[in-house]
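Working notes, beginning with the structure itself.
Read the figures in this text as sums done on the coordinates, not as results from a lab. Values in this document were obtained by computation on a predicted structure and should not be read as measured data. Neighbour counts are summed over all protein chains in view; Cβ atoms, including those assigned to glycine, are modelled from backbone coordinates with ideal geometry.
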Amino acid sequence: MGHYTFDEWMQYVKDELNESARVELEDHLYSCDYCLELYLQAIADYESSLPLLTDEQGFTDHIMAALPKTEPALPSQIIKLEIGPKKARKTKRFYKQAVFHYLLAAAATLLLTFTGAFQSIAKYANSFETQKIQEKKPSVTEGVLNKTFAWMDSFEKKEAIKK
């Protein structure tokens, strides 16, 4: 794998390359840390050659005027953002947060434990299991054997009657 030169990265930053060369350089950035450093250096050098922005408000107004016009959002469509020290986060109602659900589940578990609901469920399950044991049905093999023996007994009785 070969590396690209600083001049090639500078051409990439200045958008002076054709589309296939751009794609090739972009793909190379994913696998080469050395070229990534050259690319970042080219960005820093090119940034220092850009003119300074003197009228920031005018620039902002120009950009806003170039944006497509859209209808204003309804109050129900507006997302409230709370700006934190690191990033913007959406505010949620307390009952939509995961912590609330965990606390609710823990409280329900404790309530069911202390009221004895789990014990009554265990007793019910135990009685159900004992009924199943008492209602034990013969297996298929036992059924086949019983029918075979019954057929053989009836066959022997018929033979005994014929004699």
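Expected output is a single nm value to one decimal: the length gained when fully extending between L36 and K92, i.e. 0.36 nm times separation in residues minus the C-alpha distance. What is it?
16.2 nm
Please give the peptides 32-44, 98-110, 50-62 ranked by average Cβ packing (other Cβ atoms within 10 Å per residue), highest first, as a rough proxy for protection. Don't jump to the answer; show the numbers that get you there.
On the way: 32-44: 14.6, 98-110: 10.2, 50-62: 8.4.
Going from most to least packed, we get 32-44, 98-110, 50-62.
Between rounded, prolate and oblate, where does the stretch 3-64 land on the alpha carbon gyration tensor, with a ≥ b ≥ c its root eigenvalues, rounded for a/c under 1.5, else prolate if a/b exceeds b/c?
Prolate is the answer for the stretch 3-64, as a/c is 1.5 or above and a/b outweighs b/c.
List, in order, the whole-Hz ³J(HN,Hα) value for each residue of the stretch 52-59 obtained from phi through the Karplus relation with A = 6.51, B = -1.76, C = 1.60 and θ = phi - 60°; use x for Gly and Pro.
Listing the rounded values in order: 6, 8, 8, 10, 5, 5, x, 5 Hz.
For L104 and L53, compute 0.36 nm times the residue count separating them, minus their Cα-Cα distance, and round to one decimal in nm.
Here the segment from L104 to L53 would lengthen by 12.9 nm.
Can you tell me how much longer the chain between K162 and A44 gets when fully stretched, taken as 0.36 nm per residue apart minus their C-alpha distance, in nm with one decimal?
Computed gain between K162 and A44 is 31.1 nm.
Suppose each label sits 7 Å from its Cα in the direction of the beta carbon; what would the N18-E142 distance come out to in nanometres?
The answer from the label model is 8.5 nm.
What is the fewest-to-most order of F114, F6 by other Cβ atoms lying within 10 Å of their Cβ?
With the sparsest Cβ surroundings first, the list reads F114, F6.
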